[in-house]
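Below is one structure, written out as structure tokens; comments come after it.
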Amino acid sequence: MEQTVYVKKITVENFKAIIKKEIELNNSTIIVTGSNDSGKSSILQGLFDRFKKIIPTQMVHKDTEKGYYEMELSDGAKIIWRFNSKGNDSLTYVLGKIRVTSGVISMLNDKYFGKSFDIEKFLNVSEKEQVNMLLDILGVDFSKIDEEYKVAYNNRADAKRRLKDIIGRKLEKPKEVKQVNTEILHKKLQEINEHNEKIRKEWSTKNEKHLKEIREFNERQRELGKVFNKAAELTLTVNQLKKELAEMGYSANFAEIKSFLNTRKRPEVEKELTSLPEPKLKSTDDILKQIMEANAINNQYHNYKKDLELYNNWVKEGQKARDKVDKYEKEVREILQKKSNILKNAKLPEEFEIKEDGVYYKGYPFKDSQISTSAKYIAALKLGMLGLNELKAMHFEASALDEDNLKDVLEWSNKNKLQLLIEKPEKGDIQYKVIEK
């Protein structure tokens, strides 16, 4: 079972601005005051920084060759840091008869120090950096999930833009046009034309016969006319001959000749060569009009089919785009839910939330003015405690805290058994005050 360990005593010699200082903390919170560059941070944070692998350029106090920093803990352990002006240093861990000189940083980070948490930095960095610091103290690595989220988010954004472009076309479903079957109309037209051709041929045949009969009749009448005229001429000739013979004392019987000539018929009047009345044909005007109207409708139907295809493709394209938006929307939700589940398993303190726009505390953004200064420091301490191991001690600079706010922070730390190593800038040499539990 993990025990609770505090800083009992700090001894510093020739470290940066400190020549020699020994502070008895008695496992309690301490407030160290002094002017800037007087060595407040060196005393309280020097060894903590070393375990973070933060080493000052000039460790040893000027005009000296070597220095020493020792931290005694409440479990009886001592951590000793020796260093010299050449930049060499060593760490030693002593607990009873146990003495460790190698691998000290790794071992003691696992045992005592855990993950460091810079309270002042957390309070002053951007919302995004606050989230990163909190995730780090929780031991949560969202780099892979964030990359997945970025891809899904960008895909969703692209899909939404694509859908917006498609919807922006605003196509309307065309009014339905039904195709007309012109085969029936053309068949009917063909039947009328065949009927008219048939009666035209019948008329032509009858008309040719009729004209032939007239021509033959007229030809006969012309022949009769020739005979009749010749008979008339001969009659005159016979009568004249009879008269002349009588005057000469001759008589002749021309009765039979005259009778024969007088019986020749006069030819009838020739008939006018006219054709028979042409047959009445069935009209194709109505059916041709119907065909023209059908063709016009079918042209509209062709355009309707093209417009309908464009509309249907637009609908399908829009549905595909919506499906993609839904797909990536689901992916984004699932990734966010995955992050939420990881944070739940990471035991994020109850009052805290991590959202897309930053860290929230008690329902407010952490930087919100409705959260008091003392509440923000207490909240930051709560987060810092997540990274602590056995050593329940945290350092911070309290220049932003007035007496009332500092009092609230001290009361909270005492209730939560947290040792605070507080530095506060004030004019003068280093002074310290131990706040007994």
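The values are calculated or read from the model by the stated rules, or taken from the named source; none is laboratory data. All figures in this text were calculated on a predicted structure; none of them were measured in a lab. Every residue, glycine among them, receives a Cβ derived from its backbone with ideal geometry; neighbour counts consider all protein chains shown.
Pick from 271, 282, 320, 324: which is touching a His at 6+ places or on another chain (Cβ under 7 Å), of a type in the set (Lys, Arg) and on the phi < 0 side of the Ramachandran plot?
Matching residue, one of 271, 282, 320, 324: 282.
Hey, can you tell me all the residues within the stretch 187-221 that are surrounded by fewer than 13 Cβ atoms within 10 Å (Cβ to Cβ) and within 60 Å of the chain's Cα centre (by Cα)?
Selection gives 187, 190.
Just checking, does the stretch 105-119 include any residue being loosely packed, with under 13 Cβ neighbours inside 10 Å, at pLDDT below 95 and at positive phi?
Looking for residues that are loosely packed, with under 13 Cβ neighbours inside 10 Å, at pLDDT below 95 and at positive phi, one finds none in the stretch 105-119, hence no.
Kindly list the number of the only condition in (1) over 57 Å from the mean Cα position of the chain (by Cα); (2) surrounded by fewer than 17 Cβ atoms within 10 Å (Cβ to Cβ); (3) closer than 16 Å to residue 395 by Cα; (4) not hydroxyl-bearing (Ser, Thr, Tyr) that fails for residue 25.
Single failed check for residue 25: (2).
If residue 115 satisfies every condition in (1) of a type in the set (Lys, Arg); (2) closer than 24 Å to residue 347 by Cβ; (3) touching a strand residue (DSSP E or B) at 6+ places or on another chain (Cβ under 9 Å) but one, which is the exception?
All conditions pass for residue 115, except number (3).
Yes or no, residue by residue, for (1) in a loop (DSSP other than H, G, I, E, B); (2) of a type outside the set (Asp, Glu); (3) at pLDDT 95 or above; (4) under 51 Å from the mean Cα position of the chain (by Cα):
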{"position": "367", "(1), (2), (3), (4)": "yes, yes, no, yes"}
{"position": "389", "(1), (2), (3), (4)": "yes, yes, no, yes"}
{"position": "401", "(1), (2), (3), (4)": "yes, yes, no, yes"}
{"position": "404", "(1), (2), (3), (4)": "no, no, no, no"}
{"position": "407", "(1), (2), (3), (4)": "no, yes, no, no"}
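Residue 296 - would you say it is over 30 Å from residue 163 (Cβ atoms) and exposed (fewer than 12 other Cβ atoms within 10 Å of the Cβ)?
Judged against the criteria, residue 296 is a match.
If you check 392, 355, 382, 376, which single one turns out to be without any contact (Cβ under 8 Å) to a residue 12 or more places away in the chain and basic (Lys, Arg)?
355
How do the pairs read when you match residues in the stretch 188-200 that are part of a helix (DSSP H, G or I) with residues anywhere that are of a type in the set (Lys, Arg) and surrounded by 12 or more Cβ atoms within 10 Å (Cβ to Cβ), using Cβ under 7 Å and keeping only pairs 6 or more apart or on different chains?
The qualifying pairs are 192/282; 195/282; 196/282.
Name the pairs whose Cβ atoms lie under 7 Å apart, with the first residue in the stretch 260-288 and in contact (Cβ under 8 Å) with a residue 12 or more places away in the chain, the second aromatic (Phe, Trp, Tyr), and 6 or more positions between them or separate chains?
264/228; 265/228; 266/228; 267/228; 271/217; 276/203; 278/203; 279/203
Name the pairs: first residue in the stretch 315-331 and closer than 10 Å to residue 163 by Cβ, second residue surrounded by fewer than 14 Cβ atoms within 10 Å (Cβ to Cβ) and of a type in the set (Val, Ile, Thr), Cβ to Cβ under 7 Å, at least 6 apart or on different chains?
Here the result reads 318/167, each pair linking the stretch 315-331 to a residue that is surrounded by fewer than 14 Cβ atoms within 10 Å (Cβ to Cβ) and of a type in the set (Val, Ile, Thr).
Got a sec? Which of 55, 18 is touching a residue at least 12 places away in the same chain (Cβ under 8 Å), of a type outside the set (S, T, N, Q) and crowded, with 19+ Cβ neighbours inside 10 Å?
From the options 55, 18, the qualifying one is 18.
So residue 261 clears everything in (1) loosely packed, with under 14 Cβ neighbours inside 10 Å; (2) over 59 Å from the mean Cα position of the chain (by Cα); (3) part of a helix (DSSP H, G or I) except one condition, right? Which one?
It fails just one condition, (1).
Taking the residues in the stretch 58-72 that are surrounded by 20 or more Cβ atoms within 10 Å (Cβ to Cβ) and within 60 Å of the chain's Cα centre (by Cα) as candidates, determine which candidate is farthest from residue 395 (Cα to Cα).
Going through the qualifying residues, I end up with 59.
Please enumerate the residues belonging to the stretch 141-174 that are among the β-branched types (Val, Ile, Thr) and buried (at least 17 other Cβ atoms within 10 Å of the Cβ).
166
On the given criteria, is residue 326 under 41 Å from the mean Cα position of the chain (by Cα) and loosely packed, with under 13 Cβ neighbours inside 10 Å?
yes
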